[in-house]
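The values are calculated or read from the model by the stated rules, or taken from the named source; none is laboratory data. These numbers were taken from a predicted model, which means no experiment stands behind them. Here the Cβ positions follow ideal geometry from the backbone for every residue, glycine too, while neighbour counts run over all protein chains shown. Note: accessible area is taken over every heavy atom of the protein model, side chains too, but ligands, DNA and RNA are not part of it. Shrake-Rupley method; radii C 1.70, N 1.55, O 1.52, S 1.80 Å.
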Amino acid sequence: MMRRLPLLTVLLATAMPASAAAPRASGTPHAVTFDRHSVMIDGRPTVLWGGEFHPFRLPSPDLWRDILQKMKASGYNTVAIYFDWGYHSPKRGVYDFTGVRDMDRVLRMAAEEGLYVITRAGPYVNAELTRGGFPGWLVNQSAKARTDDPEYLAAADEWLTRINAIIARHQLTDGRGTVILHQIENELAVVQPTQARYMQHLYDKARADGITVPIFHNDQGRNGYWVPKGANVPKTVEGPVDLYAFDGYPGATCDVHNRPTNGPPAPDWGLYGTGGARGGASASPNTPGFAAEFGGGWFDYWGSNGGYDCNAVQRGKRYQRVFYGTNIANGITVQSFYMTYGGTSWGWLPAPVVYTSYDYGAAIDEARGLRPKALELKQLGQFLAAAPDIARMDRAPPATASDPDIQVYHNVNAATGARLLFVTHKPSNGRSDDRFTITAALKDGPTTFPAGAPMRLNGFDGKLLLADFRLERQELVYSTSELQTHLPLGDTDLALFYGRAGEPGETVLRYATQPTVTGPVEQVYDAAKGRLRLNYTHAGIARVQITGGGRPPLTLLLADEDSAARFFRTESAAGPVLSHGPDLVRSATATGGTLALTGDVAVAAPLEIWGPPAVRTLRWNGRALPVTRGPGDSLVTAALPGPAVIALPPLTDWRQAPESPEAQLGFDDSRWADAKGARQTATIRPPVGQPNLGMDAYGFHEGDVWYRGRFAGGTDARKLTLHYGAGGAGMLQVWLDGTFVGQHELAGGLPRPITTGVADFVLPVRAQAAGEHLLSVMVRNNSHNWDLDTDDFHKETRGLISASLAAPTSHSFAVPIAWKIQGTQGGEDIVDPVRGVANNGGLFGEREGWHLPGFADGGWAKTPAPAGTPSTAATPGTTWYRTAFDLGIPTDQDATIGIAIGNTAKPRSDGTYRVLIFVNGWNMGQFVANVGPQRIFPVPAGILNHRGRNTLALAVTGDGKAGSALEPVKLVTIRNVRGGIPVAAVPFPSWRARAR
Ligand code: IPT
């Protein structure tokens, strides 16, 4: 039963921008336009507050909803999604949008969960993906990528025709979805005429394919590249876009030892900027400030010391307030944080610059848990939703602080009169502890506040304050506390303000006559000005009731920062609901007097809610809960139970089998391709006269590739030199006539990894004996480079580039070698279309299906545990281990279980080996013992069967030296809550079912 709203509320509601309303696929078309301030939906200025999420980095489609719900609950109204061309296309003309690749599904879910979507379809995306998202087969084009060369355009159009059609089905503009903006290309920083024509082609193609929302490009920094035509701003490059957007990752980072560095202050990339296109003021004055990517963490690299937790802190709490707050003050009304959920670069997705985990230090960690910074983001996002006036602000007369170490940005919305006062240190990376007052020309005239105890800014911090602001049916003169949210509760209004624990706060409201105030605050009523001043200290949650004074009653919740961060706001059909207690509130459904909430509990706590007055009974995750009246107008339950501890089985009953039979003389390679004459498109080429050995030319793009080379023995057959390309922390292994000769690894991770190398081996003397000899070489290709600089870097050769066998002093290629090559089973005609192109390389075991559930490993040797003891000493080459285990995670719990290898406290081992980890046939990542840093590999529910049988297969490749055996392997619980959402098993075709 809904109460009738007073007329004033109805009027305010219709004037409310859409950012306050949840977007849905309503069937009703919406106009998406923009002006210099903001994007507008049906004419209503709207701040888009977004975060990046890559469905391809979470190969369990039901969990996409989990991420989207967590984003929504964390205050976002927008999700930005890259689409990875290569993920969908194993072969020219072959595309797959099913299962884990069902992009219709993620766009549908985003609409169902009430998030706008920014689609970023490439063709090039970067994103720390192998080839920056280009498909494997594209490296075989001689046309330069990201130009208007017809060969490249024809390939790009294959992809665009398909992905544009999917996106076009989910646009806000026709009411069938919530796609609101669309990006073409990504960071195209070469701006020659061929790129201009290419951009025009992409724009025209998107329009021809039915994309009707505004189109933009993401500039690599504020270069002014690809700004809308007609603004004539010096030093900019105009192009076929409707909006100009840029990315930026300013601020503090972490050094190689994970020590925080004190970075520069937050840049003024909008209203307060100076210096033209590259400096401050907009490169595109007629379109909104738009940061298509702004640092929400940073990626981590092979050989690091494990930088994600440090990045989460450096680009986390307080950084967000200072940097994102500075953006807000600069009128950047479209902001999207990269990443919000990074996830996992499973299989062969990662670019050489990253390892398996793409956690990114993002607000939602790889195991799908909310980091503390997510709770702060929620406060910022809810603030923007609560203050839609911010979508349309300009600089107001300067406000000053009484302390020179403090700066105050002062903006005003000319239509509503609302003011934003953003307070930071001067410069904003200052860390001093300051107490001060602010003087600003408010509606009432020049005002110095607070009147009570001075404001405080202690350390690296920023505060977004409001003044002259309409808050439901109340009028805020100013507050030194930050607004988190406000909502109507029938006849009463509620507002939640917060501040740093222990700091003073002052809130002034306008009342025609003196109201009655109850609660732990000091009050002063100024009858002349009609203003009520409240003074208090932020500690816990103070509840204040204000009645009378000529307005509807107001409940003020005045909380300290951390207490406020635990409130969730959800929208039910009967009105908004504010909840406190659970660790996540996903949804609220009102039916009559019952309010049904869903969410997660990590630690048992009572639930307290403020919601529509008709609500009398509560349900939590489907169960009815007895409620009592809380203090004021809330309802309170007994403690909601936390999760039960999950008992994980030890991994026992292993079976083990050696592989690398390709090294043996008797191995049959008669069906392998001759590596002698393929077309050459790679950027690194062999010396003249040498064959093209690069794996891609033979249709093998991912993971391992094998070569067998035959030569005639002789005195020159002494020194073998192999030039090869293998991506980040890649390697090769060499055998002569079945005997292991050695291996070579691409040294070091470093932020920019070494991706090619030259390996020298002195061959055993038997190579000099007359007759035919066999070289067997396995190259572990840890992926292709990105094409960040538009220089075809993604075409750098993988596999062998050239081979020379000669006397040590000779520079001739004395001994000819006839090579054969074999990689992924089927090459581009992948044999496992369910798991897809990223799942498999060309290990013998992969070609034979040893990684798959149901593979008959009964004939393999039993081994108690694949631990690195002398009795299980390693052999050079690859050895497989298989086991199965059962899980029985309670149905009402959500957990993330990981596979852990060795001593998880250390980033690196002494042994030289690496492991491909297959869970139910899905390649969940690579452990490289001597490089690191990742030792725990989260496996998403759905890939992992939480309630039943699982198969684990490990392909261990090492140098065979003592100490290079596999270290102990175990299951670990990374995260565990009571709650979650239903997750269906991701299909895991077994060995029997496999097409062979
Ligand atoms: C920029 C890219 O647009 C994005 O795809 C991703 O690579 C990201 O940043 C870094 O994680 S790259 C730019 C900062 C050079």
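What to note about this one:
- When we screen T274, T253, T261 for residues that are at pLDDT below 90, farther than 21 Å from Q200 by Cβ and within 16 Å of the ligand (Cβ to nearest atom), the only hit is T253.
- Being away from the ligand (no atom under 16 Å from the Cβ) and touching a residue at least 60 places away in the same chain (Cβ under 8 Å) is true of T178.
- Residue under evaluation G549, criteria (1) open to solvent by less than 30 Å² (accessible area, probe 1.4 Å); (2) assigned to a strand (DSSP E or B), criterion not met: (2)
- Exactly one residue among R120, R146, R131, R162 is closer than 27 Å to G50 by Cβ, over 23 Å from the mean Cα position of the chain (by Cα) and within 16 Å of the ligand (Cβ to nearest atom), and that residue is R146.
- Scanning the range 809-845 for residues being aromatic (F, W, Y) and either open to solvent by 30 Å² or more (accessible area, probe 1.4 Å) or more than 15 Å from G709 (Cβ to Cβ) (or both) gives a total of 2.
- Test: residue in the range 40-50 that is within 16 Å of the ligand (Cβ to nearest atom) and either crowded, with 23+ Cβ neighbours inside 10 Å or of a type in the set (D, E) (or both): yes
- Residue within the range 717-728 that is part of a strand (DSSP E or B), more than 28 Å from V928 (Cα to Cα), among the small types (G, A, S) and away from the ligand (no atom under 16 Å from the Cβ) present: no
- Matching residues, the range 402-419, being open to solvent by 70 Å² or more (accessible area, probe 1.4 Å), of a type in the set (S, T, N, Q) and under 26 Å from S432 (Cα atoms): S402
- When A678 is tested against (1) touching a helix residue (DSSP H, G or I) at 6+ places or on another chain (Cβ under 7 Å); (2) at pLDDT 95 or above; (3) in a loop (DSSP other than H, G, I, E, B); (4) not charged (D, E, K, R), exactly one condition is not met: (2).
- Flag if D62 is open to solvent by 10 Å² or more (accessible area, probe 1.4 Å), touching a residue at least 60 places away in the same chain (Cβ under 8 Å) and in a helix (DSSP H, G or I): yes
- Only listed residue being part of a loop (DSSP other than H, G, I, E, B) and acidic (D, E), chosen from D910, D886, D894: D910
- Matching entry among V645, V577, V585 (being of a type outside the set (D, E), modelled with pLDDT of 95 or more and in a loop (DSSP other than H, G, I, E, B)): V645
- Hits in the range 197-224 (condition: open to solvent by 40 Å² or more (accessible area, probe 1.4 Å) and within 16 Å of the ligand (Cβ to nearest atom)): Q220
- Within the option set G948, G980, being part of a strand (DSSP E or B), at pLDDT 95 or above and of a type in the set (G, A, S) holds for one residue only, G948.
- Count of the range 681-716 residues, restricted to those that are more than 20 Å from T824 (Cα to Cα) and part of a strand (DSSP E or B), is 3.
- Meets criteria (surrounded by 21 or more Cβ atoms within 10 Å (Cβ to Cβ), in a loop (DSSP other than H, G, I, E, B) and in contact with a Leu (Cβ under 8 Å, 6 or more places away or on another chain)) for L966: yes
- First in the range 243-269 and in contact (Cβ under 8 Å) with a residue 40 or more places away in the chain, second anywhere and of a type in the set (V, I, T) and loosely packed, with under 15 Cβ neighbours inside 10 Å, Cβ under 7 Å, 6 or more apart: A252/T261; T253/T261; C254/T261
- Selection from the range 338-379 of residues that are under 30 Å from E846 (Cβ atoms), more than 13 Å from the ligand (Cβ to nearest atom) and among the polar types (S, T, N, Q): T344, T356, S357
- Taking the numbered list (1) away from the ligand (no atom under 16 Å from the Cβ); (2) touching a Gly at 6+ places or on another chain (Cβ under 8 Å) in turn, T194 passes all entries but (2).
- Residues of the range 126-166 classified as open to solvent by less than 20 Å² (accessible area, probe 1.4 Å) and in contact with an Asp or Glu (Cβ under 8 Å, 6 or more places away or on another chain), total: 18
- Here G86 fulfils each of the conditions (1) farther than 21 Å from F294 by Cα; (2) in contact with a helix residue (DSSP H, G or I) (Cβ under 6 Å, 6 or more places away or on another chain); (3) away from the ligand (no atom under 16 Å from the Cβ) apart from (3).
- Among the residues making up the range 945-975, a single one is of a type in the set (D, E, K, R) and touching an Asp or Glu at 6+ places or on another chain (Cβ under 6 Å): R949.
- Of all residues in the range 607-641, those that are in a loop (DSSP other than H, G, I, E, B) and either without any contact (Cβ under 8 Å) to a residue 60 or more places away in the chain or open to solvent by less than 20 Å² (accessible area, probe 1.4 Å) (or both) total 8.
- Of the strands (runs of 3 or more DSSP E) lying entirely inside the range 733-808, those containing at least 2 residues that are open to solvent by 20 Å² or more (accessible area, probe 1.4 Å), without any contact (Cβ under 8 Å) to a residue 40 or more places away in the chain and away from the ligand (no atom under 16 Å from the Cβ) are 739-745.
The rows are residues; the columns are (1) at negative phi; (2) within 14 Å of the ligand (Cβ to nearest atom); (3) open to solvent by less than 10 Å² (accessible area, probe 1.4 Å); (4) over 26 Å from the mean Cα position of the chain (by Cα).
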{"position": "K229", "(1), (2), (3), (4)": "yes, no, no, yes"}
{"position": "P267", "(1), (2), (3), (4)": "yes, no, no, no"}
{"position": "A292", "(1), (2), (3), (4)": "yes, yes, yes, no"}
{"position": "G296", "(1), (2), (3), (4)": "yes, yes, yes, no"}
{"position": "N305", "(1), (2), (3), (4)": "yes, no, no, no"}
{"position": "Q314", "(1), (2), (3), (4)": "yes, no, no, no"}
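Each row is one residue, and each column tells you yes or no for (1) away from the ligand (no atom under 13 Å from the Cβ); (2) open to solvent by less than 30 Å² (accessible area, probe 1.4 Å); (3) assigned to a loop (DSSP other than H, G, I, E, B); (4) closer than 30 Å to P907 by Cα.
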{"position": "S282", "(1), (2), (3), (4)": "yes, no, yes, no"}
{"position": "P285", "(1), (2), (3), (4)": "yes, no, yes, no"}
{"position": "N311", "(1), (2), (3), (4)": "no, yes, no, yes"}
{"position": "S336", "(1), (2), (3), (4)": "no, yes, no, no"}
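- Residues that are away from the ligand (no atom under 16 Å from the Cβ) and either in contact (Cβ under 8 Å) with a residue 12 or more places away in the chain or polar (S, T, N, Q) (or both) do not occur anywhere in the range 181-190.
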